[in-house]
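Inspection log for the structure reproduced underneath, given as structure tokens.
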Amino acid sequence: EKAGFDHFMLKEIYEQPKAYRDTMMSRITEDSKSVELKELGMTVEYIKSIRKVHIVACGTAYHAGLVGKSVIETLARIPVENDVASEYRYRSPIITPDTLVIVVSQSGETADTLAALREAQRNGARVLAITNVVGSSVAREADHVLITWAGLEIAVASTKAYTSQLIAFYLLGLYLAETLGTQEASHIADVIAAMQQLPEQVDSILEQAAVLKQVAESISHHKHLFFIGRGVDYAVAQEGSLKLKEISYIHSEAYAAGELKHGTLALIEDGIPVIALVTQEELYEKTLSNIKEVKARGAHVLGIANAGAEEEVSKSVDELFAIPKTLPILSPALSVIPLQLISYYASLALEHDVDKPRNLAKSVTVE
Ligand code: F6R
């Protein structure tokens with residue numbers, strides 16, 4: 001059942017190219033110029049009436065939603081707020097009939113997420129569920145459903161479900177943009193073309209797993225580390241940090257790169273590992289200067305950057321891992337892969353139960 005892999009997590013990491021293809025399949029028109037999501041059952045009139053979006057989820061699904069915010073705001077120009085589901089109801093959120101509430105849940109059974117869905121509907125908003133389980137509670141109760149076709153995910157640490165949620169947000173962002181006319185047709189076609197390259201690009205990252213295993217083994221000797229990035233790189237940093245904590249039990253924090261100097265820089269000391277995501281071209285310079293700040297305090301920096309930018313970035317970091325070049329908005333679908341592998345191999349090096357980390361359950365059905 002593990003198809004020759006040592007753990008379900010590793011198997012599921014390697015299933016991502018297929019999960020990307022399956023989630024995109026039949027939703028991109030044959031000419032690759034357009035996204036078709038009639039399955040949502042949203043009328044053009046309804047889409048035009050949406051004034052704001054709330055994305056509500058827990059854990060890894062919440063992190064996918066952080067990328068979703070960038071995607072929807074960039075492509076469809078609708079304002080988006082993100083909430084952790086266990087907080088949403090208690091902050092008396094302003095939910096109106098022109099709010100689209102998107103709940104994201106791999107299992108579709110997370111208690112807090114389901115409660116958020118019901119709260120949204122009680123206030124007259126419609127709910128769109130992005131979920132991996134057809135017929136789950138969230139899928140049954142939502143007004144609109146977008147299934148991620150990641151297939152069964154068994155490892156407690158979510159990998160292919162997260163990346164399929166990213167693909168779902170890209171599809172949704174493009175669909176809303178097309179319907180609202182917020183992007184040129186040529187730009188839509190460019191994003192689709194770049195999306196279609198992602199599965200092969202993921203494969204090329206997976207081929208370099210041995211390098212990441214080495215990185216993980218050296219990280220496994222440390223007690224603390226940091227992930228930094230800006231924009232969607234910060235969203236991915238948060239997911240990388242959660243994954244590492246969850247299965248290796250090494251403490252880490254994700255920080256917006258520019259925010260370090262407002263306090264956290266005090267924790268940077270000699271030899272501390274810092275994983276810096278540097279994929280957003282327009283932010284290179286800013287992030288590189290933040291990397292210099294941590295290096296000056298003795299940090300050992302692993303940079304994750306785009307192929308093509310190695311020269312610029314390698315001068316500022318101790319080690320560099322290059323990911324294939326894609327559009328800035330799509331980079332999370334690639335940059336998270338090395339972080340998943342680092343977490344996996346760190347957990348393995350520390351001889352933890354990779355697929356069943358202590359204290360955690362796959363599906364959290366209590367608030
Ligand atoms: C982390 C992880 C959890 C889940 C969270 C939400 O790897 O798996 O953080 O993402 O419990 O679960 P779902 O998506 O099923 O609602």
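The values are calculated or read from the model by the stated rules, or taken from the named source; none is laboratory data. Here the structure is a predicted model, which means the values were calculated and not measured. Counting neighbours? That spans all protein chains shown, and the Cβs are built from the backbone with ideal geometry, glycine included. What goes into the accessible areas is simple: the full protein's heavy atoms, side chains included, and nothing from ligands, DNA or RNA. Shrake-Rupley method; radii C 1.70, N 1.55, O 1.52, S 1.80 Å.
Taking amide H atoms as placed 1.01 Å from N in the peptide plane, the amide H of Leu146 lies under 5 Å from those of Ala129, Ile130, Thr131, each 5 or more residues away in sequence or on another chain.
Between Ala115 and Asp318, what is 0.36 nm times their sequence separation minus the Cα-Cα distance? Round to one decimal in nm. Write down the numbers at each step before the final one.
Details: separation 203, 0.36 × 203 = 73.08 nm, distance 4.57 nm.
That works out to 68.5 nm of additional length.
Let a ≥ b ≥ c be the square roots of the eigenvalues of the Cα gyration tensor of the range 66-151; is it rounded (a/c under 1.5), or, if not, prolate (a/b larger than b/c) or oblate? Judged from the Cα gyration tensor, the range 66-151 comes out oblate (a/c at least 1.5, b/c at or above a/b).
Counting only Cβ charges, +1 for Lys and Arg and -1 for Asp and Glu, the dipole size of the range 79-167 around its Cα centre is about 100 debye. For the range 38-50, putting each phi into the Karplus relation 6.51 cos²θ - 1.76 cosθ + 1.60 with θ = phi - 60° gives couplings of 4, 4, 5, x, 9, 7, 4, 4, 5, 4, 5, 8, 6 Hz, in residue order, rounded to whole numbers and with x for Gly and Pro. Annotation: amide H of Ile55 within the under-5 Å range of Glu81, Asn82, Asp83, Ile102, sequence separation 5 or more or interchain, hydrogens built in the peptide plane.
Per-residue 3J(HN,Hα) values for the range 219-227, derived from phi via the Karplus relation 6.51 cos²θ - 1.76 cosθ + 1.60 with θ = phi - 60°, read 5, 5, 7, 9, 9, 9, 7, 10, 10 Hz in sequence order (x marks Gly and Pro). Oblate is the label for the range 145-218. Its Cα gyration tensor axes, ordered a ≥ b ≥ c, give a/c of at least 1.5 and b/c at or above a/b. Close amide H pairs (under 5 Å, H built 1.01 Å from N) link Ser252 with Leu225, residues at least 5 positions away or on another chain.
The calculated FRET efficiency for Glu311 paired with Glu73, based on their beta-carbon distance and R0 = 25 Å, is about 0.20. The portion of the accessible surface of the range 1-71 made up by carbon and sulfur, rounded to a whole percent, is 51 (1.4 Å probe; DNA, RNA and ligands excluded). Karplus-derived 3J(HN,Hα) values for the range 313-320, using 6.51 cos²θ - 1.76 cosθ + 1.60 with θ = phi - 60°, are 7, 4, 4, 9, 10, 8, 9, 10 Hz; glycine and proline are entered as x. Ligands, DNA and RNA left out, the 1.4 Å accessible surface of the range 227-291 is 49% carbon and sulfur atoms. Solvent exposure of the chain, expressed per residue, is 41 Å² of accessible area, with all protein chains present and a 1.4 angstrom probe. Counting each DSSP H run of 4 or more residues in the chain as -39500 (n - 2.57), what helix-only mean residue ellipticity at 222 nm follows after dividing by all residues, to the nearest 500 deg cm²/dmol? Per the formula, -14000 deg cm²/dmol. Per residue, the convex hull spanned by the Cα atoms of the chain amounts to 133 cubic angstrom.
Rounded, prolate or oblate for the range 1-131? Axes are the square roots of the Cα gyration tensor eigenvalues, ordered a ≥ b ≥ c, and the cut-off for rounded is a/c under 1.5. Walk me through the numbers on the way to the answer.
Values: a/c = 2.28, a/b = 1.30, b/c = 1.76.
Oblate shape, in that a/c is at least 1.5 and b/c is the bigger or equal ratio.
Were the residues from Glu81 through His187 laid out at 0.36 nm apart, the gain over their Cα-Cα distance would be 35.7 nm. Would you please name the chymotrypsin sites (Phe, Trp or Tyr not before Pro) within the range 4-59 that are DSSP coil residues with at most 15 other C-beta atoms within 10 Å of their C-beta? Answer in residue order: Phe5.
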